[in-house]
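Right, one structure below, let's go through it.
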Amino acid sequence: MTDLSAPAQFPPYALTAPPAPETRPLQGDIQADIALVGAGFTGLIAARELARRGANVVLIEASEIGTGGSGRNHGQCIPVFGYLDPKILPQKGCDLLRDAGRLVFDDIARDRIECEAVQLGTLAAAHSSSGLNRSRKAHAKYAALGKSGDYLSRGAVAELTGNDRFLGGWVHRDGGHLNPLAYARGLARAATEAGAIIHTNSPITSLRRDGDRWLLGTPEGSVSAASAGFATDAYPTGAVPESFRKSSVIMHSYGLASRPLNAEQRAGVMPSGMNFGDTHRDPMFFRIDQQGRLITGGLVELRRGRNSAYTKEFMTRRLTGLYPVLAGLEWDHHWRGRLTVSSEQRPQLYELGPRLWGLSGYTGRGVPTSAVMGRVLASALIDPAEAAELWTIRRPARIPLRHLIGATVQTCRGPLNKLRDMLE
């Protein structure tokens, strides 16, 4: 018997997203300058950039546009990165990463992408004295980069959030939110308008060297290309090079979307329209979309994110602790997805072979990260020396016991962070 109270096991994004451009499976054998695998944000941005630079680009996707993480994330653009450091990345890469949020919304405006984009900023609210110290350090970094104004007082944060419990906070000016599936479909349209060819429902079934070219097989055809790039991240198929597939830890995330809030709730919960995040070690974040849905989530744990009834009850309790006006909040959507974490906890550009490249390790910041890494991948496929000025190039290295690592982190992270929060 169907449980009519159970939330839908997919995000709400398709309910309002414009249709994707018309595509079809790859049939027959074709040639291209460059072949890309994966029609998520990164692959689509790389395809668009390459086509605009005059390359003949073919992008193949195992399912539909935005089926993986690009259509299953929380829709937040939070351009705050621990690895934004010239000691870690080349200066040009740091500059690109610094402007990741601006790149996202500039692309949306330039390509006329209809994706419910709102760029009002991302708020980090300090929930405790130790959180206040951490947030002041983060603010100082981004204020020095011109991405934030003055550190906010308790009163200023209360005005933005509709909540007077926070001790202070700061806003990253380039942050915002969007409908991620609509964004992916808009990027696909921009890529095809630039001249890229996209084939959906065409999983890669084989990869081999054919003279000085790469031959990528699909169920009904193949692509022969001088260069090839993988933008599959946490959704690779078996034909993707094993060294690449095993170079990162795959974790599982979940999302929740509520029924549209009523007028009183909309007025009282984040009236600023910004993304909300606070300084709990067990992170609390949410956004409110154009239809008034509250969207939140996190990493899947033993029960949270896995058990729908428990997850709904937990998040309702947590949110109503901040906003009593949310009492009785109901959830219509509960879905799951995947993300990757590299051994260095930052995105990696891998040279997999001669003129063969891959990207992985986005660590759950896919919206702003892809705006940078799509450009990095395009550079690598055109000129590796150009890419080296943007990002460190590595060879993939297998992470031992990566499945055990992923399971352990997902099991222990939440309880440990809750304990840390209690001890602060």
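The values are calculated or read from the model by the stated rules, or taken from the named source; none is laboratory data. The structure displayed is predicted, hence computed values, not measured ones. Positions of Cβ are generated from backbone atoms using ideal geometry, with glycine treated the same way; all protein chains shown enter the neighbour counts. The protein model used for the area step is the full one, side chains on, heavy atoms only, and it has no ligands, DNA or RNA in it. Shrake-Rupley method; radii C 1.70, N 1.55, O 1.52, S 1.80 Å.
With a cut-off of at most 13 other beta carbons within 10 Å, and DSSP calling the residue loop, which trypsin sites (Lys or Arg not before Pro) in the range 61-129 qualify? Please list them. Walk me through the numbers before you get to the answer.
Numbers: sites: Arg72, Lys87, Lys92, Arg98, Arg102, Arg110, Arg112; in loops: Arg72, Lys87, Arg112.
Listed in order of number, the matching sites are Lys87, Arg112.
Could you sort the peptides 334-346, 248-260 by per-residue average Cβ neighbour count (10 Å cutoff), highest mean leading? All intermediate terms of the calculation are to be shown ahead of the outcome.
Working: 334-346: 19.2, 248-260: 22.1.
Those peptides, ordered most packed to least, come out 248-260, 334-346.
Just tell me which aspartates and glutamates come within less than 14 Å, Cα to Cα, of Lys312; anything on the same chain fewer than 8 places away is out.
Glu301, Glu330, Asp332
Report, please, the projected area of the range 18-106 averaged over directions, based on the convex hull of its C-alpha atoms, in nm². Don't skip to the end; give the middle numbers.
On the way: hull surface 31.1 nm².
That works out to 7.8 nm², a quarter of the Cα hull's surface.
For the range 14-64, rounded, prolate or oblate, judged on the Cα gyration tensor with a ≥ b ≥ c (square roots of eigenvalues), a/c < 1.5 rounded, else prolate if a/b > b/c?
Details: a/c = 2.22, a/b = 1.38, b/c = 1.61.
In terms of gyration-tensor shape, oblate.
For the range 176-246, what is the Kirkwood hydrodynamic radius in Å, using each pair of distinct C-alpha atoms?
About 14.2 Å for the range 176-246.
Taking only protein heavy atoms and a 1.4 Å probe, what accessible area per residue, in Å², does the chain have with all protein chains in place? Before the final figure, lay out each step's value.
Numbers: 17580 Å² over 424 residues.
Accessible area per residue, the chain: 41 Å².
Would you check the accessible area of Leu381, probe 1.4 Å, heavy atoms only, in square angstrom rounded to 10?
10 Å²
What does the charge count around Gly337 come to, taking other residues whose C-beta lies under 11 Å from its C-beta (Lys +1, Arg +1, Asp -1, Glu -1)?
Working: positive: Arg72, Arg336, Arg338; negative: Asp233.
Once positives and negatives cancel, what remains is +2.
Could you derive backbone 3J(HN,Hα) for the range 268-276 from the dihedral phi with the Karplus parameters 6.51, -1.76 and 1.60 (θ = phi - 60°), listing whole Hz in sequence and x where the residue is Gly or Pro?
These are the phi-based 3J(HN,Hα) values: x, 10, 6, x, 5, x, 6, 5, 10 Hz.
Using just the Cα positions, wrap the range 168-316 in a convex hull and report its mean projected area in square nanometres, one decimal place. Could you put the intermediate results ahead of the total?
On the way: hull surface 54.3 nm².
Mean shadow area of the hull around the Cα atoms is 13.6 nm².
From zero outward in steps of 5 Å, how is the percent of C-alpha pairs of the range 80-224 spread across the bins?
Each 5 Å bin holds this share of Cα pairs: 2, 8, 12, 13, 13, 12, 13, 9, 5, 6, 4, 3, 1, 0.
Ranking request for peptides 236-242, 218-224: highest mean number of other beta-carbon atoms within 10 Å first, then the rest in descending order. Please list the in-between numbers first.
Working: 236-242: 16.1, 218-224: 18.1.
So the order, starting with the most tightly packed, is 218-224, 236-242.
Using a simple spin-label model with points 7 Å from Cα along the Cα→Cβ vector, what separation in nm is obtained for Asp106 and Arg303?
4.7 nm
Going Cα to Cα from Lys246, which aspartates and glutamates come in below 15 Å? Please leave out same-chain ones fewer than 8 positions away.
Of all the aspartates and glutamates, those that pass the test against Lys246 - Cα under 15 Å, at least 8 places apart if same chain - are Asp233, Glu344, Glu351.
For Ile78, what accessible surface area do you get with a 1.4 Å probe? Give it in Å², rounded to 10.
40 Å²
Under 15 Å from a point placed 7 Å out from the Cα of Ser243 along the Cα-to-Cβ direction: which residues of the range 187-219 have their backbone N that close?
Answer for this model: 208-209.
Percent of accessible area on the chain owned by carbon and sulfur, 1.4 Å probe?
Details: 9200 of 17580 Å².
On the chain, the fraction of accessible area on carbon and sulfur atoms equals 52 percent.
Taking the Cβ of Gly101 as the centre, find all other residues whose Cβ is under 13 Å away and add up their charges (Lys, Arg: +1; Asp, Glu: -1). Intermediate results must be reported in sequence, preceding the final value.
Details: positive: Arg98, Arg102, Lys147, Arg173, Arg365; negative: Asp99, Asp106, Asp107, Asp174.
So the environment of Gly101 carries a net charge of +1.
Please identify every one of the GluC sites (Glu not before Pro) in the range 1-99 that sits in a loop by DSSP and has no more than 11 other beta carbons within 10 Å of its own beta carbon. Write out the running numbers ahead of the final one.
Numbers: sites: Glu22, Glu49, Glu61, Glu64; in loops: Glu22, Glu61, Glu64.
Answer by residue number: Glu22.
Identify the trypsin sites (Lys or Arg not before Pro) of the range 147-190 meeting these criteria: DSSP loop state and at most 16 other C-beta atoms within 10 Å of the C-beta. Kindly include the intermediate steps, with their values, before the conclusion.
Values: sites: Lys147, Arg154, Arg165, Arg173, Arg185, Arg189; in loops: Lys147, Arg165, Arg173.
Listed in order of number, the matching sites are Arg165.
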